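Colleague: Mind looking over this structure? Questions follow.
The values are calculated or read from the model by the stated rules, or taken from the named source; none is laboratory data. From a predicted model like this one, the values you see are computed outputs, not experimental measurements. We place every Cβ from the backbone using ideal geometry, glycine too, and count neighbours over all the protein chains shown. These accessible areas exclude ligands, DNA and RNA; they are computed on the full protein's heavy atoms, side chains included. Shrake-Rupley method; radii C 1.70, N 1.55, O 1.52, S 1.80 Å.
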Amino acid sequence: MATEVGPGPIGDADLSSPDFWSLPARQRDEAFAALREHAPLSRHAAPEDVLGIGDYDERPYWAIVRYEDVRMVSRDPETFCSGEGVVFGDAPKEMLEASQSFLAMDAPRHTKLRGLVSKAFNPRQIKRIEDGIRLNARAIVEEAAPAGGGDFVQLVAKRLPLITISDMIGVPKEDRERVVGAADTLVTVLDPDVLGDRSPLEVLGTALWTLTESAKKLAAERESAPQDDLMTALVEAEVDGDRLTHDEIAAFFVLLSVAGNDTTRHTTSHAMRALTANPDQREYLMADLDGRMPLAVEEFVRWATPVLTFRRTTTREVELHGETIPAGEKLMLFYHSANRDADAFEDPWRFDVTRDPNRHVGFGGGGPHYCLGASLARTQLRSIFTEMLTQIPDIEAGEPEMFEGNAFIHAVKRMECTFEARG
């Protein structure tokens with residue numbers, strides 16, 4: 001049966017509060033572990049209106065915390081739709097439409113848009129991108145090697161996804177830091193360092209305008225002067241006579257800027273810290289980097305779980321754990337909880353680069369919304385860690401400082417690292 005979470009051993013933690021999401025992941029999982037064991041389906045008050053949008057959906061949501069349940073909901077889009085919203089808290093509708101692209105759509109519109117975008121990710125483009133990833137990873141570590149340490153996020157973690165996404169889409173070098181900064185802002189807006197003395201809506205609006213205007217400008221340029229990049233492929237992609245509008249291209253650009261930058265960047269940081277804290281795993285991996293890295297990367301993603309939550313909405317009455325959930329109810333998928341489910345992963349809080357099988361939900365729980373860029377993320381992680389453990393094998397990372405109040409991205413703000421200077 002469902003549990004209405006209130007006072008008591010399960011209800012002590014408020015999953016809807018930014019304060020809860022500012023806690024360390026291990027501490028948060030104490031609450032999720034209690035839910036997984038005692039209340040696999042529980043109902044919680046809506047997150048507070050932290051953006052101050054006024055007309056706010058205050059309906060409660062159901063928490064989906066077990067691995068098998070996250071997979072089941074993800075793979076049944078006819079019953080659990082995305083078109084009613086996918087983020088934890090509400091935001092103005094125009095902001096959501098300009099930032100989520102096909103992430104917050106259902107068939108047939110989702111099928112059409114994802115098909116157009118997938119067509120742009122053709123084999124020639126993928127090969128060009130992957131070749132660039134390997135070369136860029138080597139150059140990034142070569143440039144970092146003489147420093148002997150510093151903020152790992154700035155020195156290494158953020159650089160490869162920044163370059164990869166910019167090269168893919170065709171963002172000019174002089175605009176890259178500005179575009180990535182805007183993408184970062186969209187998912188870290190509640191952090192005091194990001195907000196400053198401005199309102200959350202003002203900060204979000206500025207960041208979103210920066211990204212959409214950049215995308216529309218690029219799309220217009222590629223229409224008149226095509227190049228060998230993803231923006232040109234998006235402008236030219238056609239399915240059954242339909243092409244993407246500039247608004248649709250801009251929304252995908254925002255999604256790609258966030259998903260492509262933040263997920264790989266933060267996985268890199270979390271995994272580097274895990275390798276430092278688990279020297280036996282690092283030693284095992286370094287004994288055969290080429291042979292062992294692919295499996296290790298899966299553990300990097302499971303361990304980090306860079307995307308923490310997504311929302312679904314029931315389209316019909318459905319039974320789950322003995323409870324009838326009516327149509328139109330909100331469900332929150334908690335991916336980090338699923339990736340720490342002991343029924344799915346033996347000793348889930350053990351960082352184990354030999355874990356096999358490792359069917360994590362770090363790229364989603366499957367179904368039509370499975371991460372489109374999963375293979376490119378894996379290529380980036382394989383490349384950057386192979387280069388680091390080859391060129392600066394003694395690198396060690398300290399405790400990360402996290403962005404505060406973030407229920408969407410498992411985001412590392414900064415993390416000091418040290419290694420012997422080379423070059």
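Colleague: Do you know which residues across the range 285-297 are touching a residue at least 24 places away in the same chain (Cβ under 8 Å) and open to solvent by 30 Å² or more (accessible area, probe 1.4 Å)?
Modeller: MET286, ASP290, ARG292, PRO294, LEU295
Colleague: Right, here's the next one. Which count do you get for residues in the range 230-254 that are assigned to a loop (DSSP other than H, G, I, E, B) and modelled with pLDDT of 85 or more?
Modeller: Of the residues in the range 230-254, 1 are assigned to a loop (DSSP other than H, G, I, E, B) and modelled with pLDDT of 85 or more.
Colleague: Here is a follow-up. Filter the range 396-418 for residues that are open to solvent by 20 Å² or more (accessible area, probe 1.4 Å) and either among the aliphatic types (A, V, I, L, M) or on the phi > 0 side of the Ramachandran plot (or both) and give the result.
Modeller: Listed by number, the list holds a single entry, MET402.
Colleague: Look at ALA63 and say whether it is at pLDDT 95 or above, hydrophobic (A, V, I, L, M, F, W, C) and assigned to a helix (DSSP H, G or I).
Modeller: No: the conditions fail for ALA63.
Colleague: Out of ASP69, ASP76, report the one residue that is part of a helix (DSSP H, G or I) and out of contact with any Asp or Glu (no Cβ under 7 Å at 6 or more places or on another chain).
Modeller: It is ASP69.
Colleague: What are the pairs, 6+ residues apart or on separate chains, where a residue within the range 261-276 that is under 17 Å from VAL361 (Cβ atoms) and open to solvent by 10 Å² or more (accessible area, probe 1.4 Å) has its Cβ under 8 Å from a residue that is assigned to a helix (DSSP H, G or I) and acidic (Asp, Glu)?
Modeller: Short answer, once both residue conditions are applied: none.
Colleague: Next up: Where in the range 316-376 are there strands (runs of 3 or more DSSP E), lying wholly inside it, with at least 2 residues that are touching a residue at least 40 places away in the same chain (Cβ under 8 Å) and either surrounded by 20 or more Cβ atoms within 10 Å (Cβ to Cβ) or of a type in the set (Val, Ile, Thr) (or both)?
Modeller: Counting at least 2 such residues, we get 330-334.
Colleague: I need a count of the residues in the range 32-70 that are closer than 30 Å to ARG198 by Cβ and in contact with a Phe, Trp or Tyr (Cβ under 8 Å, 6 or more places away or on another chain).
Modeller: The number of residues fulfilling the criteria is 4.
Colleague: While we're here: Select from the range 171-216 the residues that are assigned to a helix (DSSP H, G or I) and farther than 22 Å from LEU96 by Cβ and list them in ascending order.
Modeller: Scanning the range 171-216 gives LYS173, GLU174, ASP175, ARG176, GLU177, ARG178, PRO192, ASP193.
Colleague: Take the conditions assigned to a helix (DSSP H, G or I), within 21 Å of the chain's Cα centre (by Cα) and of a type in the set (D, E, K, R) and apply them to ARG292. Does it pass?
Modeller: So ARG292 does not fit the description; no.
For (1) under 24 Å from ASP131 (Cβ atoms); (2) in contact (Cβ under 8 Å) with a residue 60 or more places away in the chain, each residue gets a yes or a no:
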position: ILE163; (1), (2): yes, no
position: LEU195; (1), (2): no, no
position: LEU204; (1), (2): no, yes
position: ALA220; (1), (2): no, no
position: SER224; (1), (2): no, no
position: MET231; (1), (2): yes, yes
position: LEU234; (1), (2): yes, yes
position: ALA237; (1), (2): yes, yes
position: GLY241; (1), (2): no, no
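Colleague: Out of ARG282, ARG311, report the one residue that is open to solvent by 20 Å² or more (accessible area, probe 1.4 Å) and either among the charged types (D, E, K, R) or more than 21 Å from ARG340 (Cα to Cα) (or both).
Modeller: The unique qualifying residue is ARG282.
Colleague: Just the residues that are assigned to a loop (DSSP other than H, G, I, E, B), farther than 23 Å from ARG292 by Cβ and of a type in the set (A, V, I, L, M), please, taken from the range 377-414.
Modeller: ALA407, ALA411
Colleague: Hey, another quick one. Which residue out of ARG124, ARG138, ARG176, ARG114 is open to solvent by 40 Å² or more (accessible area, probe 1.4 Å), without any contact (Cβ under 8 Å) to a residue 40 or more places away in the chain and not hydroxyl-bearing (Ser, Thr, Tyr)?
Modeller: ARG124
Colleague: Turning to a different aspect of this structure: Restricting attention to the range 325-361, which residues are under 19 Å from the mean Cα position of the chain (by Cα) and among the small types (Gly, Ala, Ser)?
Modeller: Scanning the range 325-361 gives SER337, ALA338.
Colleague: Based on what the data block shows, is ARG359 of a type in the set (D, E, K, R) and at pLDDT below 95?
Modeller: The answer is no for ARG359.
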